[in-house]
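Peer 1: Quick one: the structure is below, questions incoming.
The values are calculated or read from the model by the stated rules, or taken from the named source; none is laboratory data. All values reported here derive from a predicted model rather than from experimental measurement. FYI the Cβ positions are ideal-geometry reconstructions off the backbone, even for glycines, and counts take in every protein chain you see.
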Amino acid sequence: MKIQIILGMLLILISCKDQTDASSNQDLYKTQDSTIVEPLDELPIPSYNFDEFSHLLEKKNDTTYIVNFWATWCKPCIKELPAFERVHDEYSSKKVKVILASLDFPNQVNSHLTPFIAKHQVRSEVVLLDDSDTNSWIPKVDTTWSGAIPATIIYNSKHRKFYERTFSFDELIQEINSINEQ
């Protein structure tokens, strides 16, 4: 069982792949910056095991949800993050909610995740998915998910789509519109 957990976490780590080119998102966050940002007490990040987290994947109301699985150590995740932030900023009044489900290591929340959120002024809701039993919960998110990140679910009360890829802002808007028009 321990080997399965280790293999599952290893799969997530090594499968963080870059599928976009630099032209698809011009407002990229820089990940190789030497600036040190102290964690802010005002940025509490809720930590959930999968059972506690799963309610964020099942809301039935008049809002469209975008749940993005990412981590601060995943370059393609960081590359697409400005697109999610722009959706948050421009579409929140249109009943679209962005939830960033961090798969960062729980022991690095204060040293990596919280400073990253503060430095880049992330405004979307951020939660930590702290459940090492990846073999159990990954197929519950979507049966087709290999465990690679970034991965995104876009859903509303009537429709749901899963994507194991990166997004630009325009691609996100296109998918949101397709979900809402169905």
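Peer 1: Does ASN61 meet the test of being within 18 Å of SER178 (Cα to Cα), of a type outside the set (Lys, Arg) and part of a loop (DSSP other than H, G, I, E, B)? Steps first, answer last, please.
Peer 2: Numbers: within 18 Å of SER178 (Cα to Cα): yes; of a type outside the set (Lys, Arg): yes; part of a loop (DSSP other than H, G, I, E, B): yes.
Yes: the conditions hold for ASN61.
Peer 1: Name the one entry in ILE173, ILE154 that is buried (at least 20 other Cβ atoms within 10 Å of the Cβ) and farther than 21 Å from TRP73 by Cβ. Give the derivation first.
Peer 2: Working: ILE173 fails: buried (at least 20 other Cβ atoms within 10 Å of the Cβ).
From the options ILE173, ILE154, the qualifying one is ILE154.
Peer 1: A further question on this structure: Out of segment 120-136, which residues are surrounded by fewer than 16 Cβ atoms within 10 Å (Cβ to Cβ) and assigned to a helix (DSSP H, G or I)?
Peer 2: ASN135, SER136, listed by residue number.
Peer 1: A follow-up question, please. For residues in segment 64-96 being hydroxyl-bearing (Ser, Thr, Tyr) and part of a helix (DSSP H, G or I), which is farthest from VAL122 (Cα to Cα)? Don't jump to the end; show me each part of the working.
Peer 2: Of all residues in segment 64-96, those hydroxyl-bearing (Ser, Thr, Tyr) come to 64-65, 72, 91-93.
After this cut, where a residue has to be part of a helix (DSSP H, G or I) as well, the list is 91-93.
Details: TYR91: 15, SER92: 14, SER93: 18 Å.
Taking the candidates together, the pick is SER93.
Peer 1: From the list ILE138, ILE117, ILE173, ILE153, pick out the single residue that is aliphatic (A, V, I, L, M) and over 15 Å from the mean Cα position of the chain (by Cα).
Peer 2: On the way: ILE138 fails: over 15 Å from the mean Cα position of the chain (by Cα); ILE117 fails: over 15 Å from the mean Cα position of the chain (by Cα); ILE153 fails: over 15 Å from the mean Cα position of the chain (by Cα).
Of the residues listed, the single one that is aliphatic (A, V, I, L, M) and over 15 Å from the mean Cα position of the chain (by Cα) is ILE173.
Peer 1: Quick check on this structure: which one of ASP21, ASP62 is at pLDDT below 95, of a type outside the set (Gly, Ala, Ser), more than 16 Å from the chain's Cα centre (by Cα) and more than 16 Å from SER168 (Cβ to Cβ)?
Peer 2: Values: ASP21 fails: more than 16 Å from SER168 (Cβ to Cβ).
Checking each option against the conditions leaves just ASP62.
Peer 1: Restricting attention to segment 144-182, which residues are small (Gly, Ala, Ser) and touching a strand residue (DSSP E or B) at 6+ places or on another chain (Cβ under 7 Å)? Don't jump to the end; show me each part of the working.
Peer 2: To start, the set of residues in segment 144-182 that are small (Gly, Ala, Ser) comprises 146-148, 151, 157, 168, 178.
Hit for segment 144-182 is ALA151, nothing else.
Peer 1: Consider ASN110 carefully, then state whether it is over 21 Å from GLU85 (Cα atoms), in a helix (DSSP H, G or I), of a type outside the set (Gly, Ala, Ser) and touching a helix residue (DSSP H, G or I) at 6+ places or on another chain (Cβ under 7 Å). Please lay out each step first, then the result.
Peer 2: Numbers: over 21 Å from GLU85 (Cα atoms): yes; in a helix (DSSP H, G or I): yes; of a type outside the set (Gly, Ala, Ser): yes; touching a helix residue (DSSP H, G or I) at 6+ places or on another chain (Cβ under 7 Å): no.
The answer is no for ASN110.
Peer 1: Separate question: What's the total number of residues in segment 137-151 that are in a helix (DSSP H, G or I) and surrounded by 14 or more Cβ atoms within 10 Å (Cβ to Cβ)? Don't jump to the end; show me each part of the working.
Peer 2: Filtering segment 137-151 down to residues in a helix (DSSP H, G or I) leaves 137-141.
Now narrow it down to the ones that are surrounded by 14 or more Cβ atoms within 10 Å (Cβ to Cβ): 137-138, 141.
Within segment 137-151, residues that are in a helix (DSSP H, G or I) and surrounded by 14 or more Cβ atoms within 10 Å (Cβ to Cβ) number 3.
Peer 1: Could you list, in sequence order, the residues of segment 157-168 that are part of a loop (DSSP other than H, G, I, E, B), surrounded by fewer than 20 Cβ atoms within 10 Å (Cβ to Cβ) and of a type outside the set (Lys, Arg)? Please lay out each step first, then the result.
Peer 2: Restricting attention to segment 157-168, the residues satisfying the condition of being part of a loop (DSSP other than H, G, I, E, B) are 157-159, 164-168.
This time we only want the ones that are surrounded by fewer than 20 Cβ atoms within 10 Å (Cβ to Cβ), so: 157-159, 164-165, 168.
Those that are part of a loop (DSSP other than H, G, I, E, B), surrounded by fewer than 20 Cβ atoms within 10 Å (Cβ to Cβ) and of a type outside the set (Lys, Arg): SER157, HIS159, GLU164, SER168.
Peer 1: Taking the condition of being within 12 Å of the chain's Cα centre (by Cα) and surrounded by fewer than 22 Cβ atoms within 10 Å (Cβ to Cβ), how many residues in segment 83-99 meet it?
Peer 2: Going through segment 83-99 one residue at a time, the tally reaches 2.
Peer 1: Search segment 121-147 for residues that are without any contact (Cβ under 8 Å) to a residue 24 or more places away in the chain and pair each with any residue that is assigned to a helix (DSSP H, G or I) and surrounded by 15 or more Cβ atoms within 10 Å (Cβ to Cβ) when their beta-carbon atoms are under 7 Å apart and the residues are at least 6 apart or on different chains.
Peer 2: Every condition considered, the pairs that remain are TRP145/ILE138.
Peer 1: If GLU38 satisfies all but one of (1) surrounded by 15 or more Cβ atoms within 10 Å (Cβ to Cβ); (2) modelled with pLDDT under 95, what's the number of the condition it fails?
Peer 2: It fails just one condition, (1).
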